[in-house]
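**Q** Okay, here's the structure, questions in a sec.
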Amino acid sequence: MNSERGNSPRHATLQSTNIKYTARGGTAARLQLKADVLALLLSAIGEAAIAQAQQSPAPTGQVATNMNQGAGSGGLQEVVVTANKRRENIQDVPIAISAISESDLAAHGVQNTLDVAAAIPGLTMQGSMNGLQAHLRGVGTTAIAAGEENSIATYVDGVYIASLSGSFLQLSNIEQIEVDKGPQGTLFGRNATGGVISIMTKAPSHAFGGSAAVSYGNYQTAVASAYVTGGLTDNLAADLAVYFSNQGQGYGRNFYTGNEVQKNQDLAARSKWLYTPSDIDTLTFAFDFERSHSSTYDAFRPVYGHPTDWGPGEPQPTGQPYLFTGGPWDLNDYLDPFDDFKQGGASLNFQHDFGVARLTDIVAYREAAKDLYWSSIPVPTRANTAGWHETERQVSEELQIASPDQSVIKWVGGFFYLHGRAAYEPFKIQGSATTPPPLNYINFLSDELTDSYAAFGQSTAPIPFISNTNITVGLRYTREKRGITGATILHFLPPAPALETAITDTEKTFNSLTWRLSFDHHFTENLLGYASYNRGFKSGMYNTIPAGGPDAQPVNPELLDAYEIGFKSDAFEHRLRLNASAFFYKYSDLQVTVFTPTSALLENGANAHIYGIDGDMQIQLTSQLSLQAGMEWLHDRFVYFPDSQDLIPQTVAQGGGNLPTISSAAGNRLPYTPDWSANLSLDYKLPTAVGLVDLNVVYSYRNGWYATPDNHLKAPISNLLNVQAAYTPAQLDRLRLVLWGRNLTNQAVPMFLGEANNPGGYDEEIDLPPRTYGLRLEYTF
């Protein structure tokens with residue numbers, strides 16, 4: 001029995017060092033940590049899973065074989081992840097991870113990275129004019145300017161995406177999305193403070209095949225996608241994925257202009273070329289392009305019941321109160337918002353197997369450009385309009401060398417380099433509220449450069465005197481230089497000349513050491529417990545609106561110390577999978593967005609504590625019926641924030657808007673962080689004489705969260721329901737007809753909430769799409 005288990009990758013380490021498995025009860029008795037971990041984490045269902053696992057004999061053979069056999073007999077499929085820079089069964093990785101497969105993406109109604117939050121408890125996504133801002137377990141960013149980056153790092157096929165806008169991706173040929181929770185500062189480095197979103201696209205195949213789909217839904221929305229792959233020579237394979245969507249009717253209307261708004265058009269293409277010149281060498285070349293035209297992500301409307309203090313008619317000096325009374329997806333703005341964004345890039349991934357080690361080198365280049373224009377005070381008068389032309393570029397290289405899969409000690413080390421540039425060319429504001437005569441308009445010019453270098457290493461090894469137990473130690477050292485140049489140019493009405501002010505030319509270097517220390521122990525073949533301590537950091541950066549003048553100072557890096565314990569379990573012949581964790585975060589030097597009379601700036605000034613529990617469960621109830629569920633509870637509070645901006649809402653009688661004050665935010669909740677979040681997915685397959693019917697129902701819940709540290713502006717509880725029903729004809733199993741519906745409750749769920757006092761006070765909101773539905777035809781070949 002022991003020798004058979006030694007063939008499993010889980011236990012190859014122990015077998016190689018002649019550490020044999022003993023009776024499970026003896027193992028548990030020798031590890032005192034077991035009682036502490038289980039007392040905090042195991043629920044009644046978890047204990048049932050343990051009992052079942054202890055009563056069942058351990059399967060033989062490799063893990064992948066075990067899981068596949070279980071799936072064939074009605075069990076759950078194995079999920080492979082790369083959180084440790086190598087392919088591993090998710091149940092063997094001592095990190096809280098959620099993974100979404102290609103089929104789950106469609107069932108959950110996930111079309112782009114903004115939608116991923118609906119499938120991951122504890123994850124919220126803020127989408128607005130400058131892209132995607134993610135929050136995971138209370139850690140995230142509210143930054144909205146060029147050069148500012150997420151605290152949740154986004155990777156596509158191992159390539160880091162620095163741009164906020166660049167993280168906003170259509171998901172058309174995705175194999176899997178992996179969300180690693182908690183700081184991943186050792187292996188993923190800068191800006192992985194709260195976790196990592198890793199997107200893996202499909203790999204080319206030498207066998208010819210592909211798929212195509214067309215869809216049509218309400219709001220005159222047509223979508224078409226295609227994927228084709230095949231071998232070109234004996235050692236060269238390639239693929240191509242193309243996606244196009246066009247929304248002919250807007251979700252809402254701008255009452256001032258009479259035009260439809262909240263319309264979107266997207267075009268995306270991605271191709272991979274896989275070259276294998278020998279059995280030990282692999283080269284993968286990938287390139288992609290995406291362009292979107294949208295009036296959604298700049299479609300700010302005033303929050304219901306919150307009057308602005310700069311309304312129609314523009315009485316001087318401060319305007320008049322104005323209340324918005326349109327629908328959730330309507331506007332009443334001076335102009336229609338416009339957003340044109342394009343991005344693209346290429347990467348080369350080279351892998352070589354030395355036998356004693358595996359070398360990986362990933363070189364990538366990306367660039368992006370955005371043009372947008374919107375009424376920056378959401379009122380039906382020319383109080384203030386703004387727009388910009390933004391450009392971004394990045395070059396990155398990551399060199400890794402890792403142990404072979406069969407190694408006793410699992411290790412990986414390497415070097416990382418990134419050069420990035422983000423610029424406004426220019427950022428322009430104009431209007432009676434900010435540029436009264438003789439001022440005509442203001443241009444902000446800024447150009448921020450980044451050079452980041454890092455060396456990292458991590459090793460996982462068995463502890464000789466404690467059976468079935470591993471220790472993981474990792475370190476990363478990062479040195480980063482940020483520099484900025486810029487100016488503010490005041491343009492006056494003729495004949496007065498323009499005036500250049502606040503000229504900026506400065507730089508600063510940051511150094512940071514991050515680490516990982518964890519212990520994991522297999523209490524049984526199918527029950528893993530772990531405890532970890534991680535440090536992560538988010539890079540310091542300069543504000544780019546405006547550049548800051550000759551004395552410009554960057555914000556300091558954020559630091560996060562995370563303590564976590566958890567377990568992962570499989571039971572009932574792999575029909576039940578239950579994973580859970582408890583965590584505590586010490587979060588310091590938070591980069592918080594504050595509002596001034598002319599801009600939104602990042603400042604340091606806060607410490608916070610976050611603790612909570614999260615878990616996910618999968619059950620294969622029958623061969624036809626499966627259930628997935630997840631939940632997270634958080635307690636998040638600022639513990640030190642003495643000089644927080646406090647924008648106090650004013651009533652209509654008080655003149656509307658927000659009264660800017662300074663107060664302590666200690667005891668307040670963090671932005672974009674719900675106390676409770678959960679999701680539930682049910683999939684039922686019904687074979688019939690005429691074909692297969694597949695029904696999927698997905699429910700997502702978030703309780704209210706606050707938009708800003710002053711906790712004045714709160715989002716409502718959200719209950720999102722997506723349903724998909726598919727039919728595959730018995731005689732045409734390559735064809736699939738899908739009836740789908742998203743947000744069937746038609747709830748206005750904020751994807752952006754913000755408060756401002758620049759220059760008048762207002763609270764504004766952008767909501768996720770309303771109820772949408774349609775029919776999709778899929779064909780595989």
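**Q** Could you rank the peptides 292-301, 160-169 by their average count of other C-beta atoms within 10 Å per residue, with the highest value first?
**A** Ranking the peptides 292-301, 160-169 by packing returns 160-169, 292-301.
**Q** Can you give the FRET efficiency for ARG637 and LEU735, using 1/(1 + (r/R0)^6), R0 = 41 Å, r = Cβ-Cβ distance, to the nearest 0.05?
**A** 0.15
**Q** Still on this structure, please answer the following. Which net charge results when you count Lys and Arg as +1 and Asp and Glu as -1 among the other residues whose beta-carbon is under 11 Å from that of ALA715?
**A** Around ALA715, the surrounding residues sum to 0.
**Q** Considering only protein heavy atoms and a 1.4 Å probe, what is the carbon-and-sulfur percentage of the accessible area of the range 427-507?
**A** That share works out to 66 percent.
**Q** Continuing with the same structure: Please give the net charge around GLY612, taking every other residue with its beta carbon less than 9 angstrom from that of GLY612, where Lys and Arg add +1 and Asp and Glu add -1.
**A** -3
**Q** May I ask you to compute the full-extension gain from ALA461 to THR325, defined as 0.36 nm times their residue separation minus their alpha-carbon distance, rounded to one decimal in nm?
**A** 42.7 nm
**Q** Where does helix 44-55 land angle-wise versus the long Cα axis of the chain, in degrees 0 to 90, nearest 10?
**A** Compared with the principal axis, the helix lies near 30 degrees.
**Q** How much length is gained on full extension from TYR773 to VAL697, taking 0.36 nm per residue of separation minus their Cα-Cα distance?
**A** Contour length minus the Cα-Cα distance gives 26.0 nm.
**Q** Leaving out ligands and nucleic acids, and using a 1.4 Å probe, what accessible area per residue does the chain come to in Å²?
**A** 38 Å²
**Q** Only Lys, Arg, Asp and Glu count, each charged at its Cβ (+1, +1, -1, -1), so figure out the dipole size of the chain about its Cα centre, rounded to 20 debye.
**A** Roughly 1500 debye for the chain.
**Q** Still on this model: Suppose only helical runs count, i.e. DSSP H with n ≥ 4. What mean residue ellipticity at 222 nm does that imply for the chain under -39500 (n - 2.57) per run, divided by all residues and rounded to the nearest 500 deg cm²/dmol?
**A** That comes out to -2000 deg cm²/dmol.
**Q** So, in nm, how far is label GLU425 from label ASN246 when the simple model puts each one 7 Å beyond its Cα toward the Cβ?
**A** Reported label-point gap for GLU425 and ASN246 is 3.0 nm.
**Q** How high is the relative contact order of the chain, given as a whole-number percent (alpha carbon pairs under 8 Å, six or more residues apart)?
**A** 12 percent
**Q** Past 27 Å, Cα to Cα, is the threshold; run LYS272/LYS481; LYS263/LYS342; LYS342/LYS586; LYS181/LYS202; LYS410/LYS568 against it and keep the listed order.
**A** LYS272/LYS481; LYS342/LYS586
**Q** Using a 10 Å cut-off on Cβ atoms, rank the peptides 758-764, 85-91 from the highest mean neighbour count down.
**A** Top to bottom by mean Cβ count within 10 Å: 758-764, 85-91.
**Q** Turning to a different aspect of this structure: Taking 0.36 nm per residue of separation and subtracting the Cα-Cα distance, what length does fully extending LEU517 through LYS714 add?
**A** Length difference between fully extended and current span is 67.2 nm.
**Q** If you don't mind, another one. When a/c reaches 1.5 or more, the comparison of a/b and b/c decides; with that in mind, is the chain rounded, prolate or oblate per its Cα gyration tensor?
**A** Note, shape of the chain comes out prolate.
**Q** What does a probe at ASP505 reach in the range 432-453, counting residues whose amide N is under 14 Å from the point 7 Å along Cα→Cβ?
**A** Counting backbone N atoms under 14 Å from the label point, the list is 447.
**Q** Also: To the nearest 0.05, what FRET efficiency results for ALA357 and ALA203 with a Förster distance of 25 Å applied to their C-beta separation?
**A** 0.65
**Q** In percent, what relative contact order does the range 218-313 have, based on Cα pairs under 8 Å that are 6 or more apart in sequence?
**A** Rounded, it is 22 percent for the range 218-313.
**Q** Please report, as a whole percent, how much of the solvent-accessible surface of the range 576-669 comes from carbon and sulfur atoms (probe radius 1.4 Å).
**A** Solvent-exposed carbon and sulfur of the range 576-669 make up 60 percent of the total.
**Q** Ordering ARG577, ARG393, ARG270 from largest to smallest accessible area (1.4 angstrom probe), what's the sequence?
**A** Ranked from most to least accessible, the order is ARG393, ARG270, ARG577.
**Q** Oh, and also: Express the carbon and sulfur contribution to the solvent-accessible surface of the range 241-392 as a percent, rounded to the nearest whole number, probe 1.4 angstrom.
**A** C and S fraction of accessible area: 58 percent.
The values are calculated or read from the model by the stated rules, or taken from the named source; none is laboratory data. In this text the structure is predicted, and so the values were computed from the model without any measurement. Using ideal geometry, Cβ is built from the backbone for each residue, glycine included, and neighbour counts are taken over all protein chains shown. Accessible surface is based on the protein model in full, side chains and every heavy atom, while ligands, DNA and RNA are left aside. Shrake-Rupley method; radii C 1.70, N 1.55, O 1.52, S 1.80 Å.
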